[in-house]
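See below for the structure under consideration.
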Amino acid sequence: MRAVVVFGCGWLPLAAVKYFAVGLGRAIPLPEILYLAPAWLLAAIGTAVSARMATRRLGRRGAAGWAVATAAVIALMVCVNWVHFHATTWYAMHRSEYAAVLRDAEHRVPTEPLPEDVLSIDTGNGPRVWYIRVWKGFLACSAGYAHFDGSPEKYMPGVVIDSHDYLDDGLGCALHPTVEVGDGWWWVE
């Protein structure tokens, strides 16, 4: 049982860092590798220590079981689309807050400034897109949630668009909707 606890204590911090990478990037504007590397190191140490504990008691069967468990957890960490998981769960938890931001932004006095991380993107001939910047990258591009009144199909990755017809994040980078989270909101990066 102790080996399982040590194994979990090694891998749970890595899962937390992967899930909260967007928030960490906002709070600590450093390259992602600087907080991922220690988490992977902790996972490796937790795995090694727990494997040693298990093999002492269970012998070869313990070593084989630990190898399979470790391979499964590594595959999970590498294969899960953490951005998609974060975008959908975060929006689900804060759905009413995003609705309130949208309501306040649409009904504000035009001369009143918007909060720093809320942008109104003029799409030229189409309806405005409201963008809430959640993360600002190390090299000044950003990601966040955008509200579209219609279909964001023309802004999808891989769609060829006119050079003047793209969603600008306010930092000079083009945004593309990647994950639909509901109510007209999309995760854009």
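For region 6-60, what are the residues that are over 30 Å from Tyr91 (Cα atoms), touching a residue at least 40 places away in the same chain (Cβ under 8 Å) and among the hydrophobic types (A, V, I, L, M, F, W, C)?
Val6, Phe7, Val49, Ala51, Met53, Ala54
Here are some conditions: (1) touching a residue at least 24 places away in the same chain (Cβ under 8 Å); (2) surrounded by 13 or more Cβ atoms within 10 Å (Cβ to Cβ). Gly124 meets all but one. Which one does it not meet?
Against the list (1) touching a residue at least 24 places away in the same chain (Cβ under 8 Å); (2) surrounded by 13 or more Cβ atoms within 10 Å (Cβ to Cβ), Gly124 comes up short only on (2).
Look through Ala3, Ala37 and report the one residue that is in contact with a Ser or Thr (Cβ under 8 Å, 6 or more places away or on another chain), part of a helix (DSSP H, G or I) and of a type outside the set (D, E, K, R). Outline the logic, then answer.
On the way: Ala37 fails: in contact with a Ser or Thr (Cβ under 8 Å, 6 or more places away or on another chain).
Criteria check complete, one pass: Ala3.
In this structure, is Ala44 of a type outside the set (Ser, Thr, Tyr) and surrounded by 17 or more Cβ atoms within 10 Å (Cβ to Cβ)? Write out each step before concluding.
Working: of a type outside the set (Ser, Thr, Tyr): yes; surrounded by 17 or more Cβ atoms within 10 Å (Cβ to Cβ): no.
So Ala44 fails the test.
If a residue has to be loosely packed, with under 14 Cβ neighbours inside 10 Å and in contact with an Asp or Glu (Cβ under 9 Å, 6 or more places away or on another chain) to count, how many in region 59-84 make the cut?
Summing the residues that are loosely packed, with under 14 Cβ neighbours inside 10 Å and in contact with an Asp or Glu (Cβ under 9 Å, 6 or more places away or on another chain) in region 59-84 gives 0.
When you go through Ala87, Ala92, Ala99 one by one, which is the residue that is open to solvent by less than 40 Å² (accessible area, probe 1.4 Å), among the hydrophobic types (A, V, I, L, M, F, W, C) and part of a helix (DSSP H, G or I)? Before you say what the answer is, go through the steps one by one.
Values: Ala92 fails: open to solvent by less than 40 Å² (accessible area, probe 1.4 Å); Ala99 fails: open to solvent by less than 40 Å² (accessible area, probe 1.4 Å).
Answer to the selection: Ala87.
The values are calculated or read from the model by the stated rules, or taken from the named source; none is laboratory data. What you are looking at is a predicted structure, and each value in this text was computed from that prediction instead of being measured. When we count neighbours, we look across all protein chains shown, and the Cβ atoms used for this are built from the backbone with ideal geometry, even at glycine. Surface accessibility is based on the protein's heavy atoms, side chains included, excluding ligands, DNA and RNA. Shrake-Rupley method; radii C 1.70, N 1.55, O 1.52, S 1.80 Å.
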